[in-house]
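Reviewing the structure listed below.
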Amino acid sequence: MIKGIMDWVDDRSGIRGLVKEALYEKVPGGARWRYVWGSCLTFVFFTQVVTGTLLWMFYSPSAQTAWESVYYLQYHVAGGWFLRGVHHYMAQAMIVLLVLHLMQVVIDGAYKAPRELNFWFGALMMGVTLALSLTGYLLPWDQKGYWATAVATNLMAEVPLIGPALQKIVVGGAEYGHHTLTRFFALHAGVLPASLVALVVAHIYLFRKHGIHVKEPRPKRDSYFWPDQVLKDAIACSAILLAVVALTIYFRGAPLGPPADPSNEFPARPEWYFLFLFQLLKYVPAFWGAVIIPAFLALWIFLQPFIGKSKGGHQFNVGFWWALIAGSVALTGMAVSEDRANLKHGAAIEEADWQAERVIEIADTQGIPPAGAVTLLRKDSQNQGRRLFAAHCSSCHRYNGHDGRGFPVDEPQSAADLAGFASVEWITDLLNYDHYVSAKYFGGTKFKDGTMARKVLAKYTDDEKKLLPSIAKLLADGANLPYEENLAEDTREELLSLYYNDDLKFEDGRACIECHDIDSEDEGSAPDLTGYGSSEWLTAFIENPEDKRFYGKKNDRMPCYGRDGKLQEKEIAILVDWIRSQAAEF
Amino acid sequence: MSDHSNKEKSKENRRKFIVSSTIAASTACALFPLASGIPSVLDPATKDSGNAEVPWTKVTNLATLPEDGTPTKFEVILEKVKDAWTTYTNIPAGAVYLTRKGDEVTAYNLKCPHLGCAIDYRKNSNDYFCPCHNSTFALDGSVTTDNSPSPRGMDTMDTKVEDGVIWIRFQQFRPNIAEKVPV
């Protein structure tokens, strides 16, 4: 029955002959591991086509839906992370295999006559594969892809005469947006894979026409492609598959950074296999990187089969490729080590990781509005708070020693570190003379030599110092911080009486209350501590520290953000919420 | 002699082993890409949508409905609708015909229970008519012809009137079956 159907099909298609021809190709010198790379690449490309088509069912190319659809696939579709991961790591495997295949061809001299044409086809396919990587990198529309691809498309403008027009055509306009994604997607899922399929067909046809280029000496008797070489190919493909699955599981799929945001800077870095080009652009003008070097390489690849025929030409070719690889490895190493040594780069990566986690947390709980996930981060007070702090406060203040976003600050610290501001711990340290005059608190201000430092904190006896944590508890209670518990009413009364009475006093016999009001109508000479650190207190303070309720004329350089319109009311509110939101890290 | 045949046999075994391992490894490689995406592709079928509590949605005021029971069409604007990754707020999600009998209100889904076309109300004959496959329904939503394409009457849903405001639980139902089963 089955044989009958097969006969019928074969009669009309000649399929048996085709399969026979495909499988019983002669392998002179027997099956060898060095011949597996081409099959591996075909397998990897096949995987990419299949997984890519499946990913297509989930992807939505537009500025408001690209990141969002990928997020949905990654976190809300069964096995979505795995599918993405396989496609992502298989793409990396493809680059590695391309280099291995190329080097095999070069070392074995398989690029020489009569296989020149196929060598050039191979080089073209390499170009298409790199273009696939480049276009695919943008599609998730996260910060990494967005900023890195912007660099790549700006390089395109370096092409003489048509460069700027070419860039606009590829980007779909002057700015990145919907049409950048639709075009990149059409390239990535349509134009480029179709070209690659055509090239693969031509490549395999030419390969079959000339047969395997046999590396001498031949280790064994001649055999056939099936099953000996197919077994070796299948084992190599399985090894790649296992490696990709292992990477996918280990990293829990492909990374997804925070959504692309042109107003939120991110250090553009390409995928690792383009890092050498990235590093090269630090030394050579963009025109060299975008035009001269690629043009030279293209010309050289074209000439290589002819050079190979001359005496010593083959050795030269092999040497050149090794030098190219060594140079790329060295440049990649330099790129990586420069980034590792750069604290700001590390901070930017850490911030992006934080934002990615944050936006996913918000999207999971609140959902994503039609305007896209980037609006979630823009409206998030956690994210905005740290940005406002970095922009407006961090030239003097610090937050956990950094600028609020995690970046080191170049200027010396000249005002207090506000991480954990108004918490029991923060105030306890403040009341310690050594801390008070240190850079972490008032060391950079004129208050370092003020009355509080010299005449109060410096003069406390050991017995008095024992009372300070209680005062800190009382003051912190007024702050009502979300992460600290309020005092019981009677404890508060008890501490308040301590504050009012004479146990803690200047050398001339006055208590805290003499200068700092708390829960009283009087106006002391120092900042009013009623509700110290509370939303109301901090807002009023940031609006106008020169108000007589606070520093008055004694204010030391702190700008009046509200009074002078340096920050909007809404921004101050976000800043206040953020400063008060969490405990210090140290 | 037997030595020779043993050798032949082991050679044949070896070849058999090679062929079967080759077929196994190749098949695994060939199937893997598709297999890696099967759970994701089948994901929508595994997600149950019908069991969620249907929220009450405000449609209109009782006073806007004619007291003689003439159906009036209203858009249903849902407070929150999730479409994959996007959460919409206050978005039109469908339409209903509302009819009034005293203080009682009935809501009929605009969609035909046959195959989901939009049903018209015909003023002249005072009935409902589906312009796709000619199903007709009486004002109470029941099927009016014996060989109606629609297997059941128009889909009603829960309604309530509170302080003169009409609320409904807007729902879609599986088309083309005799029973009313929420989607």
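Scanning chain A for trypsin sites (Lys or Arg not before Pro) lying in DSSP loops with no more than 11 further Cβ atoms inside 10 Å, the longest uninterrupted stretch between such sites is A:312-556. Taking the convex hull of the alpha carbon positions in segment B:57-168 and averaging its projected area over all directions gives 7.7 nm².
Where only DSSP H runs of four or more residues are counted, the protein assembly as shown gives -16500 deg cm²/dmol as its mean residue ellipticity at 222 nm, each run worth -39500 (n - 2.57). Entry note: segment A:178-314 has Rg to Rh equal to 1.04, where both radii use alpha-carbon atoms and Rh is the Kirkwood radius. Could you tell me how far the Cα centroid of segment B:58-101 sits from the Cα centroid of segment A:247-295, in Å? Answer, in whole Å: 51. For the set B:Lys47/B:Lys111; A:Lys112/A:Lys232; B:Lys58/B:Lys160; A:Lys20/A:Lys215; A:Lys466/A:Lys554; A:Lys144/A:Lys379, the pairs lying more than 18 angstrom apart at their alpha carbons are B:Lys47/B:Lys111; A:Lys112/A:Lys232; A:Lys20/A:Lys215; A:Lys466/A:Lys554; A:Lys144/A:Lys379. Coupling constants for segment A:278-289 follow from the phi torsions by the Karplus curve (6.51 cos²θ - 1.76 cosθ + 1.60, θ = phi - 60°), and in residue order they are 4, 5, 4, 5, 6, 10, 10, x, 4, 4, 5, x Hz; glycine and proline get x. Counted by neighbouring Cβ atoms within 10 Å, the residues A:His402, A:His76, A:His88 run from fewest to most as A:His76, A:His402, A:His88.
The local environment of A:Ala540, defined by Cβ-Cβ distances under 13 Å, has a net charge of -3 under the rule Lys, Arg +1 and Asp, Glu -1. If you run the Gaussian network model on chain B, springs between alpha carbon atoms under 10 Å, then out of B:Phe137, B:Phe32, B:Phe173 the most flexible one is B:Phe32. The H on the amide N of A:Tyr399, modeled in the peptide plane, is under 5 Å from the matching H of A:Gly404, A:Leu418, each at least 5 residues off or on a different chain. The phi-based Karplus calculation (6.51 cos²θ - 1.76 cosθ + 1.60; θ = phi - 60°) puts the 3J(HN,Hα) values of segment B:3-20 at 4, 5, 5, 4, 4, 4, 5, 5, 5, 5, 4, 4, 5, 4, 4, 4, 5, 5 Hz, whole numbers, x for Gly and Pro. Largest mean-square fluctuation among B:Val76, B:Val96, B:Val41, in a Gaussian network model of chain B whose springs join Cα atoms under 10 Å apart, belongs to B:Val41. For the cross-link pairs A:Lys570/B:Lys82; A:Lys455/A:Lys548; A:Lys26/B:Lys11; A:Lys465/A:Lys570, which exceed 32 Å when the distance is taken from alpha carbon to alpha carbon? Beyond 32 Å between Cα atoms: A:Lys465/A:Lys570.
In loop segments of segment B:1-64 as defined by DSSP, the trypsin sites (Lys or Arg not before Pro) with at most 13 further C-beta atoms inside 10 Å of their C-beta are B:Lys47.
For chain A, the alpha-carbon radius of gyration amounts to 1.36 times the rule-of-thumb value 2.2 N^0.38 Å expected for a compact globular protein.
A Cβ-based charge dipole, computed about the Cα centre of segment A:384-581 with Lys and Arg at +1 and Asp and Glu at -1, lands at about 1000 debye. Counts of other chain beta carbons within 10 angstrom of each beta carbon in peptide B:6-19 average 1. As a length-normalised measure over Cα pairs under 8 Å and 6 or more apart, the relative contact order of segment B:57-168 settles at 25 percent. Charged neighbours of A:Ala439, selected by a Cβ distance under 11 Å, balance to +2 (K, R count +1; D, E count -1).
Taking every alpha-carbon pair under 8 Å whose residues sit at least 6 apart, chain A reaches a relative contact order of 13 percent. Over segment A:23-125, the hull volume per residue, using the convex hull of the C-alpha atoms, is 139 Å³.
When you filter the chymotrypsin sites (Phe, Trp or Tyr not before Pro) in segment A:277-362 for DSSP loop state and at most 11 other Cβ atoms inside 10 Å of their Cβ, you are left with A:Tyr283.
Take every pair of alpha-carbon atoms less than 8 Å apart whose residues are at least six positions apart; their mean separation over the length of segment A:384-581 yields a relative contact order of 19 percent. Between the listed residues B:Trp167, B:Pro151, B:Gly69, the Cα displaced farthest toward the positive end of the dipole of segment B:57-168, a dipole computed from Cβ unit charges relative to the Cα centre, is found at B:Pro151. Only Lys, Arg, Asp and Glu carry charge here, each on its Cβ (+1 for the first two, -1 for the last two); on that basis the protein assembly as shown has a dipole of about 5720 debye about its Cα centre. From the alpha carbon centroid of segment A:147-185 to that of segment A:399-472 is 52 Å. Among the GluC sites (Glu not before Pro) within segment B:21-84, those in coil by DSSP and having at most 15 neighbouring Cβ atoms inside 10 Å are B:Glu53, B:Glu67. Placing +1 on the Cβ of every Lys and Arg and -1 on the Cβ of every Asp and Glu, with no other charges, gives segment B:57-168 a dipole of roughly 300 debye about its Cα centre.
Every read-out reported here was derived from the displayed coordinates using simple, explicitly stated rules and does not represent laboratory data. As the structure is a prediction and not an experimental result, all values here were calculated from the model. Cβ coordinates were reconstructed from backbone atoms using ideal geometry, including for glycine residues, and neighbour counts include every protein chain displayed.
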